[in-house]
Amino acid sequence: MTKFSDLHLNPKVLKAIDEAGYETPTPIQAGAIPPALEGKDVLGIAQTGTGKTASFTLPMITLLDRGRARARMPRSLVLCPTRELAAQVAENFDIYAKHTKLTKALLIGGVSFGEQDKLIDRGVDVLIATPGRLLDHFERGKLLLTGVQVMVVDEADRMLDMGFIPDIERIFQLTPFTRQTLFFSATMAPEIERITNTFLHAPVRIEVARQATTSDTITQKLVQITPARRDQSAKAKRELLRALIKSEGEACTNAIVFCNRKVDVDIVAKSLKTHGFDAAPIHGDLDQSQRMRTLDSFRDGGLKILVASDVAARGLDIPAVSHVFNYDLPNHAEDYVHRIGRTGRAGRKGAAFSIATPFDEKYLAAIESLVKLEIPRGELPEGFELSDAAKSAPRPRDDERRGKSSRSRRGGKDRDRDRPRRDEAEHQDEPAAKPVAKPVTVKPVAEEPREERAAAPARSERERTERTERSERRDRNDRNDRNDRNRRGGRDPIVVGMGDHVPDFLTVSFRTATRGKDEVELDEAEVTETAIETEAPETVAETPKKSSRSRSRSRSSKKTETPTDEAPTTEAPAEVQAEAPAPEAAPVAEAPAEPVAEPAAEAPAEAEKTAE
């Protein structure tokens, strides 16, 4: 049989092991320590509770005994998934390195940065940390990982469940390529296997049989309960838990109650304290100082019942635990073995009670398949009976009492139509409520004068006639619009009026043209496009190929012009001269005394006549 003295460890380490009372290494220790002392990478696969902490702590102390730490540059690094497990590794390091001069630092969340910075500044040989807090120190510039000689990743499968794998990959990249890596995991998930293939170099693989059996020193019982409704399961299980604790009496010196969710941990702990039990919660959302105080109080015997999540199921070594209660069956069958493994340690007797409902059948089947054993069924405590509150159905929610549901998103008429039937169905078992007489307030009505009362029928008839005429007028306009749209091939009706959309030609600046004594405002753009004067002072050139719009504008400009004896002459463009016929001289008509300008509204009418 292999002993620790046969593993070539440092004599100071062997002395600490003897003082701790250990002589024979576990299988994972006997297989991992020799290659680790040789400087090789190690891949260890074993469950928690098989001695993995000593598997890397003992060779690490032996290798680091030669050398000296430098400020902000640790010589070794140990990564743990939870604060409690990291604190336990630190305690094991203190036990095994007490005869050496090696220093350590514990970097976990929930603790002040100041104290941790002081330790790092002095220089540490062993740095034990959780991934998040380690990266926080590195990003603040307080830590360098270029001097790491040995790196350990403990409980890698739990880190995978907690989402730490990206952080671990980044930390690997910050450490030297020549480091020695010790990697321990309970299972080899594909993601963990990818990391080992990337960052480990020819590792020595030590695999111990998975812990799939429970200890013979643990008495297991499964107590089943059937609540009236599924949403009453929590209340029924809390009542059964209190009854089980009371039924054990003095045999239950201390106990750990495991729940699947953090919110259930708080609710169960509060319920136990309300009913006179000495209980306290512990889970990841609590402050670290409070978690450590609660854990220390439970270890010292000051606290009787510890209500915990799975943060306490792995890695925590609390030897004297008499009972374990599974308030919830674990979602993963392996966690059941770890949970009940908190009791019956070191040859002691222990008891494990599990509460199950008909909705936990698949979890129960997975657990019994893993342990290859049918968990013995236990009876309900003598005299136990669910309270009326646990039997009765919960009160309906406010929206259910008001008859609101997903169907209420329909129109208001449908909702009002369905409401009487729903209200009748909901309250059909309730006694009819007695009608309450309400005081009726009668408001005095002022009497109208006799003349107004006589004229009221005629006035109402006249208003009715006016409403009918307005309705007919509106319908007639709608028919005209539809007919007009049909004549235009379905296009929108012509909009009369400009509104906010003013045409550009109306915003062009105007100039004043003087003709004798009269002043006429002409648009410069229109004069250029339409008014083309020939060289003859008394003749006007007309182009036959003008558009109807141009001709209408020319005709309107002719009406507004006052001919004078001396009219300015302009030459037409080359294109117009080529197309226009030879101008013919025409006698200039005498202008009237005062030019009469036709209104602008006639211009479109003239344009339509010309186009025809």
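Nothing in this text is a laboratory measurement; each read-out follows from the coordinates by a stated rule. Given the structure is predicted, the values throughout are model-derived calculations rather than measurements. Using ideal geometry, Cβ is built from the backbone for each residue, glycine included, and neighbour counts are taken over all protein chains shown.
Say a paramagnetic label sat at a point 7 Å from the Cα of E38, along Cα to Cβ; which residues of region 176-193 have their backbone N under 20 Å from it?
The answer is 178-184.
Here are some pairs, K12/K104; K221/K362; K270/K349; which of them have Cα atoms lying more than 24 Å apart in this structure?
K270/K349
Give me the compactness ratio for region 91-130, meaning the Cα radius of gyration over 2.2 N^0.38 Å.
Ratio of Cα Rg to 2.2 N^0.38 Å: 1.19.
Which ³J(HN,Hα) values in Hz, rounded to whole numbers, follow from the phi angles of region 216-232 under the Karplus curve 6.51 cos²θ - 1.76 cosθ + 1.60, where θ = phi - 60° and Gly and Pro get x?
6, 7, 9, 8, 9, 9, 10, 10, 9, 9, 10, x, 5, 9, 5, 6, 9
What length, rounded to one decimal in nm, is gained on full extension from I318 through to S460, with 0.36 nm per residue of separation minus their alpha-carbon distance?
In short, 41.8 nm is gained.
Compute the normalised compactness of region 4-207: alpha-carbon radius of gyration over 2.2 N^0.38 Å, N being the residue count.
Its radius of gyration relative to the 2.2 N^0.38 Å reference: 0.95.
D475 versus A20, label points 7 Å from Cα toward the beta carbon: distance in nm?
Each label point is offset 7 Å from its Cα along the Cβ direction, giving 10.0 nm.
Hey, what did region 194-332 get for relative contact order, percent, Cα under 8 Å, at least 6 apart? Kindly include the intermediate steps, with their values, before the conclusion.
Details: 136 pairs, mean separation 40.7, N = 139.
RCO, region 194-332: 29 percent.
How fast does region 72-183 diffuse by Stokes-Einstein, in µm²/s, taking the Kirkwood radius from C-alpha pairs at 4 °C and 1.567 mPa s?
Values: Rh = 14.0 Å.
D, rounded to a whole number, is 93 µm²/s.
Contact order normalised by length for region 85-195, with contacts defined as Cα pairs under 8 Å and 6 or more residues apart; what percent is it?
Relative contact order comes out at 24 percent.
Pop a pseudo-label 7 angstrom from the Cα along the beta-carbon direction at both E382 and T468 and give the gap in nm to one decimal.
9.4
What FRET efficiency do you get for H201 and I95 if R0 is 30 Å and r is their Cβ-Cβ distance, rounded to the nearest 0.05?
On the way: r = 31 Å, r/R0 = 1.03.
With R0 = 30 Å, the Cβ-Cβ based efficiency is 0.45.
From the convex hull of the Cα coordinates of region 218-386, what is the mean projected area in square nanometres? Display every interim value, and only then the final one.
Numbers: hull surface 38.0 nm².
Quarter of the Cα hull surface area: 9.5 nm².
Could you pull out every residue, at least 5 positions away or on a different chain, whose amide H is within less than 5 Å of the one on Q220? Hs are placed 1.01 Å off N in the peptide plane, and Pro or chain starts have none.
For Q220, whose amide H was placed from the backbone, the distant partners under 5 Å are A352.
What percentages make up the Cα-Cα pair-distance distribution of region 115-171 when the bins are 5 Å wide from 0?
4, 15, 30, 25, 16, 9, 1
Using the Cα atoms of region 1-66 to build a convex hull, what is its mean projected area in square nanometres?
Working: hull surface 17.5 nm².
Approximately 4.4 nm², given one-decimal rounding.
Taking amide H atoms as placed 1.01 Å from N in the peptide plane, list the residues 5 or more away in sequence, or in a different chain, whose amide H sits under 5 Å from that of E207.
Under 5 Å from the amide H of E207: I45.
Per residue of region 7-18, what does 6.51 cos²θ - 1.76 cosθ + 1.60 with θ = phi - 60° give for ³J(HN,Hα)? Whole Hz please, x for Gly and Pro, Karplus curve as stated.
9, 6, 8, 5, x, 5, 6, 4, 5, 5, 5, 5
Convert each backbone phi in region 145-153 into a coupling constant with the Karplus relation 6.51 cos²θ - 1.76 cosθ + 1.60 (shift: θ = phi - 60°), then list the ³J(HN,Hα) values in order as whole Hz, x for Gly and Pro.
Couplings: 10, 6, x, 6, 9, 10, 10, 10, 10 Hz.
If you take the Cα atoms of region 130-230, find Rg, then find the Kirkwood Rh from the mean of 1/r over all pairs, what is Rg/Rh?
So for region 130-230, dividing Rg by the Kirkwood Rh gives 1.16.
What is the Cα centroid distance between region 177-247 and region 289-307, reported in whole angstrom?
22
Please list, ordered by chain and number, the residues whose modelled amide H lies under 5 Å from the amide H of V257; skip anything fewer than 5 residues away on the same chain.
Residues meeting the amide H criterion: L306, V307, A308, F325.
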